[in-house]
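J.: For reference, the structure I am asking about is given below.
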Amino acid sequence: MAEVPAAERHLVLRNVVDEGPGVYREDLLRETTRFFGWARLGADIREALTGDIDALIAAGALIESDSGLMPVEGP
C-alpha cells in the first residue's frame, strides 16, 4: 500500500466511479483492490482507501448518497 501514491489511488477510485456511477463503498473498495492486484482487502488497505474516498468527497470530486458514489458533474 505504501508504494502506491495517494494521487494514483485517487485516480483509480474516480475512474471506477466514472465507469459505474452509483457504486457503493464496499464494491468500490473491492474493485480498487483488484485493480492494484492486491490479494485481499486487509485492514491497512481498507483504511487507506476509505480515507481516499473521504478525501475525494471532501474535495468535491465525488458525491455520496443512498444511491452510492457518483462523479461530480462538470460545469
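J.: Go through (1) surrounded by 13 or more Cβ atoms within 10 Å (Cβ to Cβ); (2) without any contact (Cβ under 8 Å) to a residue 12 or more places away in the chain; (3) basic (Lys, Arg) one by one and return the number of the condition Arg34 breaks.
T.: Checking Arg34 against (1) surrounded by 13 or more Cβ atoms within 10 Å (Cβ to Cβ); (2) without any contact (Cβ under 8 Å) to a residue 12 or more places away in the chain; (3) basic (Lys, Arg), the one that fails is (1).
J.: Additional query: What residue, among those in the stretch 1-25 that are touching a residue at least 40 places away in the same chain (Cβ under 8 Å) and assigned to a helix (DSSP H, G or I), is nearest to the chain's Cα centre (by Cα)?
T.: Leu13
J.: Can you pull out the residues in the stretch 58-71 that are in contact (Cβ under 8 Å) with a residue 12 or more places away in the chain and touching a strand residue (DSSP E or B) at 6+ places or on another chain (Cβ under 6 Å)?
T.: Leu62, Gly68, Leu69, Met70
J.: Does at least one position in the stretch 46-67 carry a residue that is surrounded by 13 or more Cβ atoms within 10 Å (Cβ to Cβ), more than 11 Å from the chain's Cα centre (by Cα), modelled with pLDDT of 95 or more and outside any loop (DSSP other than H, G, I, E, B)?
T.: Yes, that holds for at least one residue.
J.: If you go through the stretch 50-75, how many residues are touching a His at 6+ places or on another chain (Cβ under 8 Å) and of a type in the set (D, E, K, R)?
T.: Number satisfying all stated conditions: 1.
J.: So, in the stretch 34-45, exactly how many residues are among the hydrophobic types (A, V, I, L, M, F, W, C) and in a helix (DSSP H, G or I)?
T.: Adding up the residues that qualify gives 3.
J.: While we're on this one: Residues in the stretch 51-75 that are farther than 14 Å from Val23 by Cβ and β-branched (Val, Ile, Thr): how many?
T.: Residues in the stretch 51-75 being farther than 14 Å from Val23 by Cβ and β-branched (Val, Ile, Thr): 1 in total.
J.: In the stretch 11-24, what residues are surrounded by 15 or more Cβ atoms within 10 Å (Cβ to Cβ) and within 20 Å of Ala43 (Cβ to Cβ)?
T.: Val12, Leu13
The values are calculated or read from the model by the stated rules, or taken from the named source; none is laboratory data. Just so we're clear, the structure is a prediction, and the values are computed from it rather than from any experiment. In this analysis, Cβ positions are derived from the backbone assuming ideal geometry, glycine residues included, and neighbour counts consider all displayed protein chains.
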